[in-house]
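Take a look at the structure below.
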Amino acid sequence: MRRSARTAVLGVALALAATPIPAFASTPVVAASGAKSWLIILGAIAAGLGAFLLLIILLGGGSKSRDESIGGRLGAYGGSTQKSSGLFGRFAVLRRAASKAESVAESQGNSRMIESALEQANIPVRAGEAIIAAFGLALILGVVVGLATQSFVWSIIAGAVLLIISFLYVSHVASKQRKKFDTQLPDTLNLLATSLRAGYSIMQAIEAVASEAPEPTRREFGRAMSEIRLGRPMIDALNDIAVRMESQDFEWTVLAISIQREVGGNLAEVLQTTSETMLQRNRLRGEMRALTAEGRISAYVMAALPFFLFFGIYMLNPDYITPMLGSPAGWGAFAFAGFMMVVGILWMQKIVKVDV
């Protein structure tokens, strides 16, 4: 911690040393220059702090004790009792900020949604840590853009865009993991059915999937096996996989396993039939995506075209766009156009999306 503090002081000192201290201004021109210099100083401080955080992330982290290692391993099964690691685990200020952000998100009912998206995307951070990291990066980007453009409006826009991109990135990765799980599900059921026919018990079959299946199926079944070994009922652990991955097909599979355990029957045959049904459904989904590919590409082009036109005109002929950026009527027109664009995008998405 002392070395980290020295690194922080050195980074800020270097940033301040590279920036001239403005003198007190006596004229409007000098005053504007002084204000600009102070903005540069603030940007240098932010850059120094950013460099310090980067050094901590890259070079920080000493050796862990045996107790901390065991606590970290057991924390993977503890949910809320898991301690923060990495940068948030080293600084009490960041831990308190992450805890406060998580409390606010929980009070508004968004904490569970964020945690679910992070679990599906396999991003090993807590909800509060993700919120603080996103807002911290947005603040740094806003300061940099504000210093480069000398505009507070563009600074706010840059920060908001980064927050939106962060949310979309996590949602995209989570959606990709869910689709991979659903695509791998027929092969997973085939592996379960083959293992049962070979004389394995259902627990041994699940363990075989946890060791031989590709990601993310291996990760999810491995987590379920860990929970079962710690004493959790098998059906509850498998149901949690269906909830985490939002897979209705696997939820039906778990229901079939639960019914078979109560009334008996040939579980391998049931899983084989379910696998063939899911395989046919996946094939039908692929055919529908191929048939609607032209409509989806048209929707993407029409959604992106206004943004490319705006930036193209702004770069080629700024005087044509500048009057709109400097008047309330222009911002109102932009807001109305953005609202209509969102409606149009949702409408086109509804047209080209076919549920199978």
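Counting only residues that are touching a residue at least 60 places away in the same chain (Cβ under 8 Å) and surrounded by fewer than 17 Cβ atoms within 10 Å (Cβ to Cβ), segment 216-226 holds 2 of them.
Filtered by the rule that a residue be exposed (fewer than 15 other Cβ atoms within 10 Å of the Cβ) and modelled with pLDDT under 85, segment 242-261 gives a lone residue, 261. Of all the residues in segment 188-213, those that are crowded, with 20+ Cβ neighbours inside 10 Å and farther than 19 Å from residue 276 by Cβ number 1. Applying the condition of being over 14 Å from residue 104 (Cβ atoms) and at pLDDT below 80 to segment 123-140 and asking which residue is surrounded by the fewest Cβ atoms within 10 Å (Cβ to Cβ) yields 124. Would you check if residue 337 is over 23 Å from residue 153 (Cα atoms) and within 32 Å of the chain's Cα centre (by Cα)? The answer is no for residue 337. Does residue 261 count as part of a helix (DSSP H, G or I), within 21 Å of residue 121 (Cα to Cα) and in the same structural domain as residue 191 (by TED's automatic domain parsing)? Considered against the rule, which asks whether it is part of a helix (DSSP H, G or I), within 21 Å of residue 121 (Cα to Cα) and in the same structural domain as residue 191 (by TED's automatic domain parsing), residue 261 comes out as no. All of 189, 279 fail the test of being touching a residue at least 60 places away in the same chain (Cβ under 8 Å) and either outside any helix (DSSP H, G or I) or touching a Ser or Thr at 6+ places or on another chain (Cβ under 7 Å) (or both), apart from 189. The set of residues in segment 141-166 being within 24 Å of residue 103 (Cβ to Cβ) and in contact (Cβ under 8 Å) with a residue 24 or more places away in the chain consists of 162, 163, 166.
Scanning segment 210-247 for residues that are assigned to a helix (DSSP H, G or I), out of contact with any Pro (no Cβ under 9 Å at 6 or more places or on another chain) and aliphatic (A, V, I, L, M) turns up 210, 224, 225, 228, 234, 235, 237, 238, 241, 242, 243.
The values are calculated or read from the model by the stated rules, or taken from the named source; none is laboratory data. From a predicted model like this one, the values you see are computed outputs, not experimental measurements. In this analysis, Cβ positions are derived from the backbone assuming ideal geometry, glycine residues included, and neighbour counts consider all displayed protein chains.
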